[in-house]
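S.K.: Sending over a structure as structure tokens; questions will come in a sec.
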Amino acid sequence: MMKILVIEDDAAISELICMNLEAAGYETLAIFDGDKAAEMINDEECSDAVLALVDVMLPGKDGFELMADLQNAQIPVIYLTAKDDVVSKVHGLKAGAEDYIVKPFEVLELLVRIEKVLKRTGKGREKIIVKDVVIDLKEHSVIKSGEKINLKPMEYELLVMLAQNKNVALSREDLLGRLWGVDYVGETRTVDVHIGQLRKKLDFYDVIRTISKHGYRLEDMDNEAMD
């Protein structure tokens, strides 16, 4: 399981981030101040971290000051902060951050950006296992009980989006915008049709759950992603 450091001094925000990351299949380590983070970054407990979500305004060393420590440990950084001024954004990105997300943020956006950073930095998942289904992100294939399942391109992309955000409720509008694009001219019924096909082809009737008046959630607490 891939470990993400959550360096955030607000306990409520840290707990919310960790809860959503863990539901999506990540391991988390919460650190609440900059000085402690600087001490821990090179410890064995953090040696396998694939990413750090870092607040800028921290007690002790601030998020910008932590960048050198994280770079030395080869841990990619996403700043997650309330500092939304252009100067701070430019500073953070020029210092070496992979991304800069301003609070408040949507959970889906955070998870998608994490996946993109992990893929870009070569730390992304290669396979995701859901029940008896193996999604091979490198080969772009889906295997169920040893048999290859032929999915249409958008069915595959929808499955990957759900699997990468397992146990997280995704709205029809989010799925439509992320997969078909914000300029797509169509109804959310398009999502429902593709969900129906995935359920049928993968026998995921009890895996892809309908969230009333919202969207869908892929439920799987048993399996982990493979990196």
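S.K.: Could you sort the peptides 208-215, 74-81 by per-residue average Cβ neighbour count (10 Å cutoff), highest mean leading? Working shown, then result.
M.R.: Details: 208-215: 13.1, 74-81: 21.8.
So the order, starting with the most tightly packed, is 74-81, 208-215.
S.K.: Residue separation times 0.36 nm, minus the C-alpha to C-alpha distance between Asp33 and Lys152: what's the value? If you can, show how the numbers build up before the last one.
M.R.: Numbers: separation 119, 0.36 × 119 = 42.84 nm, distance 4.66 nm.
Length difference between fully extended and current span is 38.2 nm.
S.K.: Specify the angular offset, from 0 to 90 degrees and rounded to the nearest 10, of the alpha carbon long axis of helix 189-202 from the longest principal axis of the alpha carbons in the chain.
M.R.: So the helix axis and the longest Cα principal axis differ by about 80 degrees.
S.K.: Along the positive direction of the dipole of the chain (beta-carbon charges: Lys, Arg +1; Asp, Glu -1; about the Cα centre), which of Leu159, His194, Ala37 reaches farthest?
M.R.: His194
S.K.: Same structure again: Only four residue types carry charge here, +1 at the Cβ of Lys and Arg and -1 at the Cβ of Asp and Glu. Report the dipole size of the chain about the Cα centre in Debye, rounded to the nearest 20.
M.R.: Working: 29 positive and 43 negative charges, 244 e Å.
Computed charge dipole of the chain: roughly 1180 debye.
S.K.: Among the lysines, which fall within straight-line cross-link reach of Lys123, defined as a Cα-Cα distance under 22 Å, with same-chain neighbours fewer than 8 residues apart omitted?
M.R.: Leaving aside lysines fewer than 8 places away in the same chain, those within reach of Lys123 are Lys3, Lys94, Lys138, Lys166.
S.K.: Would you work out what percent of the accessible area of the chain, with all protein chains in place, is carbon or sulfur (probe 1.4 Å)? Walk me through the numbers on the way to the answer.
M.R.: On the way: 5460 of 11430 Å².
With neighbouring chains kept in place, the figure for the chain is 48 percent.
S.K.: Can I ask one more? Read phi for every residue in region 147-153 and hand back ³J(HN,Hα) as whole Hz from Karplus 6.51 cos²θ - 1.76 cosθ + 1.60, θ = phi - 60°, with x for Gly and Pro.
M.R.: With coefficients 6.51, -1.76 and 1.60, one gets 10, 5, 10, 8, 10, 5, x Hz.
S.K.: Measuring from label point to label point, each 7 Å out along Cα→Cβ, what is the Ser141 to Gln74 span in nm?
M.R.: So the two model labels end up 2.9 nm from each other.
S.K.: Here's something else I'd like to know. Please identify which residues in region 66-101 have an amide N closer than 13 Å to a label point set 7 Å out from the Cα of Arg120, following the Cα→Cβ vector.
M.R.: Inside the label zone: 76-79, 93-101.
S.K.: Taking only protein heavy atoms into account and a 1.4 Å probe, give the accessible area per residue of the chain in Å².
M.R.: Numbers: 11430 Å² over 227 residues.
Value returned for the chain: 50 Å² of accessible area per residue.
S.K.: Still on this structure, I have one more. Taking 7 Å along the Cα-to-C-beta vector as the label spot, tell me the Ala95-Asp62 distance in nanometres, rounded to one decimal.
M.R.: Distance between the two pseudo-spin positions: 0.8 nm.
The values are calculated or read from the model by the stated rules, or taken from the named source; none is laboratory data. Remember, it's a predicted structure, so these values are computed and weren't measured experimentally. So basically every Cβ, Gly included, is an ideal-geometry build from the backbone, and we count neighbours across all protein chains shown. For accessibility, only protein heavy atoms count, side chains too; no ligands or nucleic acids. Shrake-Rupley method; radii C 1.70, N 1.55, O 1.52, S 1.80 Å.
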